[in-house]
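See structure below.
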Amino acid sequence: MLKKLITKYNEAIFDTDKKTVFQIIDDALAQGFSPEEIVFELIVPAVDNMMKSVGEKMEVNLAQHFFASQIASELTEKLVAKFISIPEKKGNVIIGTPIGDFHGLGKRIVTGCLYAHMFNVIDLGLNVSAEEFVNQAILHKSNIIAISSMMYHTATGENGCLKVRKLLKEAKLEHKIKIIVGGAPYRFDKKLYEIVQADTWAENGNLAGIVITELLKTTQSWQQE
Ligand code: B12
């Protein structure tokens with residue numbers, strides 16, 4: 001039965017039809033599916049499905065891409081409140097674009113996806129200095145700094161990821177704070193993340209959630225000394 005709803009839900013996401021999306025979720029709850037099943041078997045896989053379609057199907061446009069992530073974030077927040085036991089957040093992620101980069105759409109999509117993956121996201125916005133990335137990560141005891149760059153020169157420039165790495169090294173925080181990067185230049189050159197000295201990268205928001213979850217397994221938590 002949930003299978004039927006999944007098909008309908010995916011279609012409504014594809015049509016960016018918010019009213020129908022909400023109706024499907026209400027129907028699923030009325031039919032007795034638990035909020036946990038709905039989040040983990042319907043909403044999160046639907047984001048994955050949409051992200052995979054980008055690139056495969058030319059007809060998936062930015063509006064659909066954006067809608068899928070925002071709706072996943074909104075619905076997850078609504079349904080988590082109804083979980084039998086509220087799941088623990090997986091941690092805080094600091095996100096922003098580096099100095100000189102004012103492309104914010106990709107970052108907003110990634111933020112929506114990370115909420116759906118149960119992360120708390122602290123969005124520093126656009127044009128963020130390396131110092132601010134690191135200071136905010138320390139302030140929020142975050143293990144992850146996520147840097148979204150849409151231009152080659154902001155990805156590789158002295159004030160971006162390379163400087164964040166330098167500051168983390170100087171503060172001896174590399175074992176506690178990891179860097180993930182993403183954005184158009186990284187999709188064109190899959191090895192670019194190594195050149196800018198990030199720990200990892202991901203192609204889209206859904207994969208970012210998966211990659212960060214893995215990365216945290218080998219990262220020292222703020223509780224450990
Ligand atoms: C929209 C756009 C703009 C808009 C931005 C609006 C906004 N509020 O964001 C405006 C008009 C302002 C703009 C301005 C400029 N732009 Co522009 N822009 C674009 C465009 C067309 C789309 C970018 C976008 O939003 N993509 C859609 C999102 C959803 O995709 P995405 O960002 O890649 O994000 C996904 C993944 O990459 C990943 N991801 C993204 N961030 C992160 C972060 C992490 C941590 C992870 C894990 C994953 C991840 O997940 C996302 C979701 O799946 C691109 C071309 C392109 N096709 O990329 C050019 C492009 C990025 N722009 C470009 C340029 C040159 C400029 C300008 C310099 C133009 C000018 N002469 O003024 C200015 C620079 C402004 C500045 N200083 O930042 C160039 C960059 C070239 C280069 N080699 O560096 C591009 C590639 C166009 C081109 N082919 O020349 N731009």
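Counting only residues that are more than 21 Å from Leu105 (Cα to Cα) and open to solvent by less than 40 Å² (accessible area, probe 1.4 Å), how many does segment 168-191 have?
Residues that pass the stated criteria total 5.
So for segment 176-189 (the condition being in the same structural domain as Leu207 (by TED's automatic domain parsing) and over 26 Å from Asp48 (Cβ atoms)), does at least one residue qualify?
Checking segment 176-189: at least one residue is in the same structural domain as Leu207 (by TED's automatic domain parsing) and over 26 Å from Asp48 (Cβ atoms).
Among the listed residues Ala63, Ala12, Ala72, which satisfies the condition of being surrounded by 14 or more Cβ atoms within 10 Å (Cβ to Cβ), in a helix (DSSP H, G or I), small (Gly, Ala, Ser) and within 14 Å of the ligand (Cβ to nearest atom)?
Among Ala63, Ala12, Ala72, only Ala72 is surrounded by 14 or more Cβ atoms within 10 Å (Cβ to Cβ), in a helix (DSSP H, G or I), small (Gly, Ala, Ser) and within 14 Å of the ligand (Cβ to nearest atom).
For residues in segment 165-217 being touching a Gly at 6+ places or on another chain (Cβ under 8 Å) and in a helix (DSSP H, G or I), which is farthest from the ligand (Cβ to nearest atom)?
That would be Leu216.
Just need a number here: residues in segment 93-105 that are under 19 Å from Tyr152 (Cβ atoms) and either open to solvent by less than 30 Å² (accessible area, probe 1.4 Å) or more than 8 Å from the ligand (Cβ to nearest atom) (or both).
So the answer is 6.
Suppose we keep only residues that are modelled with pLDDT of 80 or more, over 17 Å from the mean Cα position of the chain (by Cα) and basic (Lys, Arg) within segment 39-89. Which one would you say is nearest to Val110 (Cα to Cα)?
Lys78
Can you spot a residue in segment 181-199 that is of a type in the set (D, E, K, R), out of contact with any strand residue (DSSP E or B) (no Cβ under 7 Å at 6 or more places or on another chain) and in contact (Cβ under 8 Å) with a residue 40 or more places away in the chain?
Scanning segment 181-199 turns up no residue that is of a type in the set (D, E, K, R), out of contact with any strand residue (DSSP E or B) (no Cβ under 7 Å at 6 or more places or on another chain) and in contact (Cβ under 8 Å) with a residue 40 or more places away in the chain.
Where residues in segment 138-147 are more than 14 Å from Pro98 (Cβ to Cβ) and touching a Leu at 6+ places or on another chain (Cβ under 9 Å), which of them is farthest from the ligand (Cβ to nearest atom)?
This residue is Ile138.
Quick test for you: out of Met150, Met51, pick the one residue that is within 11 Å of the ligand (Cβ to nearest atom), in contact (Cβ under 8 Å) with a residue 40 or more places away in the chain and assigned to a loop (DSSP other than H, G, I, E, B).
Met150
From the residues in segment 153-164 that are near the ligand (Cβ under 9 Å from one of its atoms) and surrounded by 18 or more Cβ atoms within 10 Å (Cβ to Cβ), which one is farthest from the chain's Cα centre (by Cα)?
So, considering only residues that are near the ligand (Cβ under 9 Å from one of its atoms) and surrounded by 18 or more Cβ atoms within 10 Å (Cβ to Cβ), the one farthest from the chain's Cα centre (by Cα) is Thr154.
If you check every pair at least six apart or on different chains, which have Cβ atoms under 8 Å apart with a residue in segment 207-225 that is open to solvent by 70 Å² or more (accessible area, probe 1.4 Å) first and a residue that is at pLDDT 95 or above second?
From residues that are open to solvent by 70 Å² or more (accessible area, probe 1.4 Å), the pairs are Ile210/Ala202.
The values are calculated or read from the model by the stated rules, or taken from the named source; none is laboratory data. Just so you know, these numbers come straight off a predicted model, no measurement behind them. Using ideal geometry, Cβ is built from the backbone for each residue, glycine included, and neighbour counts are taken over all protein chains shown. Accessible surface is based on the protein model in full, side chains and every heavy atom, while ligands, DNA and RNA are left aside. Shrake-Rupley method; radii C 1.70, N 1.55, O 1.52, S 1.80 Å.
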